[in-house]
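Notes for the one structure printed next.
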Amino acid sequence: MSRLIQGKSVVEALAIVDLSPRKAAALIGKTLRSAVANAENNMDVNRKVLTVKAALVSPGPIIRRFRAKARGSAGRIRKRTSHFEVILTDN
């Protein structure tokens with residue numbers, strides 16, 4: 001999902017994210033909207049000028065749990081998390 005919006009304008013990237021049915025699209029869209037709001041408020045940049053330079057998804061910490069299995073053993077459950085990063089430019 002993050003590869004789809006790289007190199008696109010912010011308006012086009014938001015349209016792609018809004019129309020995609022995937023769960024990751026909603027999470028990346030939330031991060032993209034936050035990055036656009038930060039650029040508009042902190043740098044006084046218009047959203048129509050911004051483009052998505054990079055959208056990165058990297059693994060986050062893994063929460064380890066266990067589930068009881070047969071004959072007194074335990075099965076490992078790894079609850080994975082992710083870090084989303086969106087880099088915008090006004091070129």
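Looking only at the stretch 1-27, count every residue that is touching a residue at least 24 places away in the same chain (Cβ under 8 Å) and either charged (D, E, K, R) or touching a Leu at 6+ places or on another chain (Cβ under 9 Å) (or both) and tell me the total.
First, the residues of the stretch 1-27 that are touching a residue at least 24 places away in the same chain (Cβ under 8 Å): 1-3, 5-11, 13, 24-25, 27.
Going one step further and asking which of them are either charged (D, E, K, R) or touching a Leu at 6+ places or on another chain (Cβ under 9 Å) (or both), we end up with 1-3, 5, 8-11, 13, 25.
Result for the stretch 1-27: 10.
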Please enumerate the residues belonging to the stretch 28-42 that are without any contact (Cβ under 8 Å) to a residue 24 or more places away in the chain and among the hydrophobic types (A, V, I, L, M, F, W, C). 37
Can you find, within the stretch 1-45, the residue that is most open to solvent (accessible area, probe 1.4 Å) among those that are closer than 16 Å to residue 82 by Cβ and not in a helix (DSSP H, G or I)? 22
Do we find a residue being under 13 Å from the mean Cα position of the chain (by Cα) and hydroxyl-bearing (Ser, Thr, Tyr) anywhere in the stretch 3-10? no
For the stretch 46-67, state whether one or more residues are without any contact (Cβ under 8 Å) to a residue 12 or more places away in the chain, assigned to a helix (DSSP H, G or I) and open to solvent by 100 Å² or more (accessible area, probe 1.4 Å). no
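The values are calculated or read from the model by the stated rules, or taken from the named source; none is laboratory data. All values reported here derive from a predicted model rather than from experimental measurement. Note that we place each Cβ from the backbone using ideal geometry, even for glycine, and neighbour counts take in every protein chain shown. Ligands, DNA and RNA are stripped out before the accessible areas are found, and what is left, the full protein with its side chains, is counted by its heavy atoms. Shrake-Rupley method; radii C 1.70, N 1.55, O 1.52, S 1.80 Å.
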